[in-house]
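Peer 1: Got a structure for you, written out below as structure tokens; questions coming shortly.
The values are calculated or read from the model by the stated rules, or taken from the named source; none is laboratory data. Because the structure is a prediction, the values reported are computed rather than measured. Ideal geometry is used to build each Cβ from the backbone, glycine not excepted, and the neighbour counts take in all protein chains shown.
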Amino acid sequence: MTRAINFSAGPAALPLPALQQAKEELLDWNSVGASVMEISHRSREFMDLAQQTETDLRELLTIPQDYSVLFVQGGAQTQFSMVPLNLLSDKNEADYIDTGYWSQLAIKEARRYAEVNVAASAEANGFTDIPRRDSWQLNPDAAYVHYTPNETITGVEFHWIPDVGEVPLVADMSSTILSRPLDVGRYGLIYAGAQKNIGPAGITVVIVRHDLLGRTSKSAPKLFDYQQQTKAGSMMNTVPTFNWYMVSLVLKWLKQQGGLSRMGEVNQRKARTLYECIDESGGFYRNRIAKKCRSWMNVTFDLGDSGVESVFLEESERAGLIGLKGHRAVGGMRASIYNAMPQSGVDVLVNFMQDFQARHG
Ligand SMILES: Cc1ncc(COP(=O)(O)O)c(C=O)c1O
């Protein structure tokens, strides 16, 4: 068996111990004589797993008691609709911060339901920087303020939590959740698709403060109602049991790693290693993002006018480094270095990049 060093942006690499445990338990999970995929989601065994998963997530993120933790389906983009359908209530206005591709898709979807005020946009700097908080034109009557703490495609990350006063702050944390400690209490609602730092695609985590429940639009599908999902323990319909199980294994692994403080240290160091390699390449590799908002999770770079990007991709794949091609919207390269990527994997990439430069620079 040869496992590549996987820099995929999502679905992304999962921790090897979680995959190995899943492999061992595939045919007979928890001595029930069947796989976890083949038993009722309402069985005692599965309900215990679901409960433990929530407990582990609460522990890792120190989620206060007045927040619901939901595991729903539909991916992060379904939340682009569920957020306005649940939080607008009798208000018609919502503030959005535009920092790039994913915030723009969230804005586009929200416009189906709300009067969207783009309170700040990074368009003027080509989405390479985050507009300073004091430039934001927030609407005090907005039902909520939505932002994207990490723009996965360009690799632009907030290293601060915006202060938006009394208006609930909503965050699409798909590509940064669980990468370091988080002050959940600063948010009204957090959501994240699983496929980067939580588990396989097909399950989405929503963390929502209780006072925001019970405001759901009557026209919203019942499965979109956060309050009903809270009451049902996220089990209004048949849940993606295998995904939930994989999430439980990933969270267990995270706890074994020493929790999110430790992950934060590891992730910061990994990112530093890679950005140093880029910055010290004398312009052979270029990252276009303002230094203060460079992502720890998605490190983007291009090879300037060298004309050897396709060679870089071919050679890196041959060297067992996969998933480095940048998103089609921006081109170049992207190394996604989520929790499951160890420092040693980043070191191999840096050695490859230095060697490649020596031969092609
Ligand atoms: C920040 C962010 N938001 C939303 C999405 C879309 O998620 P999904 O494909 O689960 O709808 C992604 C990409 O996976 C993302 O990186």
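Peer 1: Quick one: which of Ser306, Ser310 is more than 22 Å from the chain's Cα centre (by Cα) and touching a residue at least 40 places away in the same chain (Cβ under 8 Å)? Talk me through it step by step, then tell me what you get.
Peer 2: Values: Ser310 fails: touching a residue at least 40 places away in the same chain (Cβ under 8 Å).
Selected residue: Ser306, the only one of Ser306, Ser310 that is more than 22 Å from the chain's Cα centre (by Cα) and touching a residue at least 40 places away in the same chain (Cβ under 8 Å).
Peer 1: I want to confirm something. Restricting to region 52-99 and keeping residues that are hydroxyl-bearing (Ser, Thr, Tyr) and closer than 16 Å to Val247 by Cα, which single residue is farthest from the ligand (Cβ to nearest atom)?
Peer 2: Filtering region 52-99 down to residues hydroxyl-bearing (Ser, Thr, Tyr) leaves 53, 55, 62, 67-68, 78, 81, 89, 96, 99.
Narrowing further to those that are closer than 16 Å to Val247 by Cα: 53, 55.
Numbers: Thr53: 19, Thr55: 24 Å.
So, considering only residues that are hydroxyl-bearing (Ser, Thr, Tyr) and closer than 16 Å to Val247 by Cα, the one farthest from the ligand (Cβ to nearest atom) is Thr55.
Peer 1: How many residues does region 210-226 contain that are within 16 Å of the ligand (Cβ to nearest atom) and touching a helix residue (DSSP H, G or I) at 6+ places or on another chain (Cβ under 7 Å)?
Peer 2: 1
Peer 1: Output the number of residues of region 290-326 satisfying the condition of being under 13 Å from Ile153 (Cβ atoms) and surrounded by fewer than 16 Cβ atoms within 10 Å (Cβ to Cβ).
Peer 2: 0
Peer 1: Could you list, in sequence order, the residues of region 188-209 that are more than 15 Å from the ligand (Cβ to nearest atom) and either surrounded by fewer than 20 Cβ atoms within 10 Å (Cβ to Cβ) or under 16 Å from Asn243 (Cβ atoms) (or both)?
Peer 2: Correct list: Arg209 only.
Peer 1: Counting only residues that are surrounded by 18 or more Cβ atoms within 10 Å (Cβ to Cβ) and either of a type outside the set (S, T, N, Q) or farther than 20 Å from Tyr67 by Cβ (or both), how many does region 212-228 have? If you could, list the steps in order and put the result at the bottom.
Peer 2: At the first step, the residues of region 212-228 found to be surrounded by 18 or more Cβ atoms within 10 Å (Cβ to Cβ) are 212-213, 216, 224-226.
If we keep only those that are either of a type outside the set (S, T, N, Q) or farther than 20 Å from Tyr67 by Cβ (or both) too, we end up with 212-213, 224-226.
Going through region 212-228 one residue at a time, the tally reaches 5.
Peer 1: OK, next. Can you tell me which of Ser81, Ser68, Ser35, Ser40 is surrounded by fewer than 15 Cβ atoms within 10 Å (Cβ to Cβ), assigned by TED's automatic domain parsing to the domain that holds Gln228 and modelled with pLDDT of 95 or more? Steps first, answer last, please.
Peer 2: Values: Ser81 fails: surrounded by fewer than 15 Cβ atoms within 10 Å (Cβ to Cβ); Ser68 fails: surrounded by fewer than 15 Cβ atoms within 10 Å (Cβ to Cβ); Ser35 fails: surrounded by fewer than 15 Cβ atoms within 10 Å (Cβ to Cβ).
Answer to the selection: Ser40.
Peer 1: Just to check your reading of the model, which residue among Ser135, Ser174, Ser121 is under 17 Å from Ser336 (Cα atoms) and modelled with pLDDT of 95 or more?
Peer 2: The unique qualifying residue is Ser174.
Peer 1: Next up: Name the residues in region 13-56 that are among the small types (Gly, Ala, Ser) and either within 27 Å of Gln229 (Cα to Cα) or free of Cβ contacts under 8 Å to residues at least 60 places away in the same chain (or both), would you?
Peer 2: Across region 13-56, the qualifying residues are Ser31, Gly33, Ala34, Ser35, Ser40, Ser43, Ala50.
Let's see how each residue does on (1) in contact with a Gly (Cβ under 7 Å, 6 or more places away or on another chain); (2) of a type in the set (A, V, I, L, M, F, W, C):
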| site | (1), (2) |
| --- | --- |
| His210 | no, no |
| Arg215 | no, no |
| Phe224 | no, yes |
| Gln227 | yes, no |
| Leu249 | no, yes |
| Gly258 | no, no |
| Gly264 | no, no |
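Peer 1: OK, next. Can you tell me which of Arg334, Arg359, Arg328, Arg288 is at pLDDT below 95 and of a type in the set (Lys, Arg)?
Peer 2: Arg328
Peer 1: Look at Leu213 and say whether it is farther than 18 Å from Ile198 by Cα, touching a residue at least 24 places away in the same chain (Cβ under 8 Å), among the hydrophobic types (A, V, I, L, M, F, W, C) and not assigned by TED's automatic domain parsing to the domain that holds Ser344.
Peer 2: yes
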